[in-house]
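Structure record follows, encoded as structure tokens.
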Amino acid sequence: MWWDERVSARFRRNLQPTLTYWSVFFSFGLCIAFLGPTLLDLRCQTQSSLSQITWVFFSQQFCLLLGSCLGGVFKRTLSQSLFALFASSLAISLVFAIIPLCHNVVVLAVVMAVAGLAMGCIDTISNMQLVKIYQKDSAIFLQALHFFVGFGALLSPLIADPFLSDTNCILSNSTANASSNLPHIRKSLVPHHPGNLSHYDLPMKGMVVTRVSYAFWIMALINLPVPIAVFFLLYKERMVPCVGSSSHPLLSADELAMETRPVDKDDPSCPAQRAQAAAGHDDLFSCCQSKNFRGASYTYFAVHITGALVLFMTDGIVGEYSGFVYSYAVEEPLSVVHKVAGYLPSLFWGFITLGRLISIPVSYRMKPATMVFINVVGVLVTFLLLLIFSYSVVFLFVGTASLGLFLSSTFPSMLAFTEDILQYKGCATTVLVTGAGIGEMVLQLLVGSIIHDRGSYSFLVCGMIFGGLAFTFYALLLFFHRMYPKPPSGKKAAA
């Protein structure tokens, strides 16, 4: 194996939990990407306007953010975390099955809000659990975790595509005129910014003809093995009530793996240190309690804040670029054919998935700090070149692929780096997940408004500014890292 025997043995000892957390993140990816391409068919199903149906995006994203904040509530024991993951992954399968039955846009928004809460819990708990299990070795496993998000996000639109309507799915007298615009409207749907669609006139009353229900039922079946896998992990840990419950600590699997590992001088392997580390990963509200601030230096807060701001910018770029690159491409000066421009979001997500796959072996040989530096510099340089060659269609495709590669490993590398700085005793996982979620929601709204007022070229200008801010915040994080108190040496710890 291309990693050393110690990490390999640790992975084998924690094989079932690790595979379970990876599969749960596949559910997250499956649920995050289906809404864009299916939104027009869901509009027909609910017989609502485009402006009304696009607010379903907002309900999902807002509750995802809320679920990320609350995910740390389930951190006290392993059983709480696993039951939360079981409920969340099962809820996603149920959401897929229920969506075809939602014939009212408000009911659909409520169902998507439930999906958002489940996704937020999955995001926080899965990242937190892998960091708890592997700690200083967590970077490689976090890269694999986020590969499964990209894989799920790539798969769900492919499942939905054969069942999407080729013409307007509400038949009325105006169907012929509206159908000619349908491919363009479908590709230009912008999450969280329904105002951009107000000039499109599609019929709201008439006979509904859509087969998108089959896509959702297929995704429900594909996702069903995930809650089953979580249930088997609960069963193995003897946490199923009918088998006999047990209040395992969060690090039970980690402690088992550490039995055969030599003790590192800076690794929190003794029980007291593990208890400190476990207590640090709270929900966002617990992190804000004053008792957690006692005796903390200003660098403790600075590391949390700057780390969250880096992901606020980079995850925001992922959201705004995937949401607006099609609209940018079909407008002047590029004026790309709609069908060709439709490949850009898929190319972007495809290279994010590829980059996360490549990052799995790379993260074992390269430090997380170095990977984040390469990522933020690569994003900044790519946007600069996109601005310079803004009249080149070929470079738009090259730049989209490059941007996907550089953004792919930013989140897991940043999480591993920040947790390592804080010696696994802070609230980094919760704060970083929350910061990334806020960035993805806020920057899409901001960029959508700017494009609407200033034109499509401002799309690249905004990306350049966000990339520059990400690099600035990362430089500040490195500065505070140098000032953050180091763990005690072996001799001092022994004393």
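Of everything in the range 445-461, what is open to solvent by 10 Å² or more (accessible area, probe 1.4 Å) and part of a helix (DSSP H, G or I)? Give them in sequence order.
Selection gives Leu445, Leu446, Ser449, Ile450, Ile451, His452, Asp453, Arg454, Ser458, Val461.
Condition check ((1) touching a Gly at 6+ places or on another chain (Cβ under 8 Å); (2) within 27 Å of His304 (Cα to Cα); (3) modelled with pLDDT of 85 or more; (4) part of a helix (DSSP H, G or I)) across all residues:
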residue: Ser335; (1), (2), (3), (4): no, no, no, no
residue: Leu354; (1), (2), (3), (4): yes, no, yes, yes
residue: Val362; (1), (2), (3), (4): no, yes, yes, yes
residue: Asn375; (1), (2), (3), (4): no, yes, yes, yes
residue: Phe397; (1), (2), (3), (4): no, no, yes, yes
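Check off (1) more than 16 Å from Cys31 (Cα to Cα); (2) touching a helix residue (DSSP H, G or I) at 6+ places or on another chain (Cβ under 7 Å); (3) of a type in the set (Gly, Ala, Ser) for Ser79 and give me the number that stays unchecked.
(2) is the only condition that Ser79 fails.
Only one of these is of a type in the set (A, V, I, L, M, F, W, C) and without any contact (Cβ under 8 Å) to a residue 60 or more places away in the chain: Met441, Met366. Name it.
Going through Met441, Met366 in turn, just one is of a type in the set (A, V, I, L, M, F, W, C) and without any contact (Cβ under 8 Å) to a residue 60 or more places away in the chain: Met366.
Which members of the range 388-401 meet the condition of being in contact (Cβ under 8 Å) with a residue 24 or more places away in the chain and more than 19 Å from the chain's Cα centre (by Cα)?
Looking only at the range 388-401, we keep the residues that are in contact (Cβ under 8 Å) with a residue 24 or more places away in the chain, and these are 390-391, 393, 396-397, 400-401.
Listed by number, the residues that qualify are Ser390, Tyr391, Val393, Leu396, Phe397.
Starting from the range 73-94, keep only residues that are free of Cβ contacts under 8 Å to residues at least 12 places away in the same chain, then list their pairs with residues that are open to solvent by 20 Å² or more (accessible area, probe 1.4 Å) whose Cβ atoms are within a distance under 8 Å, requiring at least 6 positions of separation or different chains.
Once the first residue is free of Cβ contacts under 8 Å to residues at least 12 places away in the same chain and sits in the range 73-94, its partners that are open to solvent by 20 Å² or more (accessible area, probe 1.4 Å) give Gln80/Phe74.
Looking at the range 403-444, which of its residues are surrounded by fewer than 24 Cβ atoms within 10 Å (Cβ to Cβ) and of a type in the set (S, T, N, Q)?
Of everything in the range 403-444, just one residue is surrounded by fewer than 24 Cβ atoms within 10 Å (Cβ to Cβ) and of a type in the set (S, T, N, Q), namely Gln423.
With a cut-off of at least 3 residues that are more than 30 Å from Arg211 (Cβ to Cβ) and either open to solvent by 30 Å² or more (accessible area, probe 1.4 Å) or charged (D, E, K, R) (or both), name the helices (runs of 4 or more DSSP H) lying wholly within the range 1-81.
In the range 1-81, 5-13, 15-32 are the helices (runs of 4 or more DSSP H) which contain 3 or more residues that are more than 30 Å from Arg211 (Cβ to Cβ) and either open to solvent by 30 Å² or more (accessible area, probe 1.4 Å) or charged (D, E, K, R) (or both).
Considering only the range 87-110, state which residues are of a type outside the set (Gly, Ala, Ser) and surrounded by fewer than 21 Cβ atoms within 10 Å (Cβ to Cβ).
Within the range 87-110, Leu90, Leu94, Ile98, Pro100, Leu101, Cys102, His103, Asn104, Val105, Val106, Val107, Val110 qualify.
Looking for whichever is over 30 Å from Ser81 (Cα atoms), aromatic (Phe, Trp, Tyr) and in contact with a Leu (Cβ under 8 Å, 6 or more places away or on another chain) here; the options are Phe406, Phe397, Phe411. Which one fits?
Phe397
The values are calculated or read from the model by the stated rules, or taken from the named source; none is laboratory data. Remember, predicted model here, so these are calculated numbers, not experimental data. Glycine gets a Cβ as well: all are built from the backbone with ideal geometry, and neighbour counts include every protein chain shown. Only protein heavy atoms, including side chains, enter the accessible area calculation; ligands, DNA and RNA are left aside. Shrake-Rupley method; radii C 1.70, N 1.55, O 1.52, S 1.80 Å.
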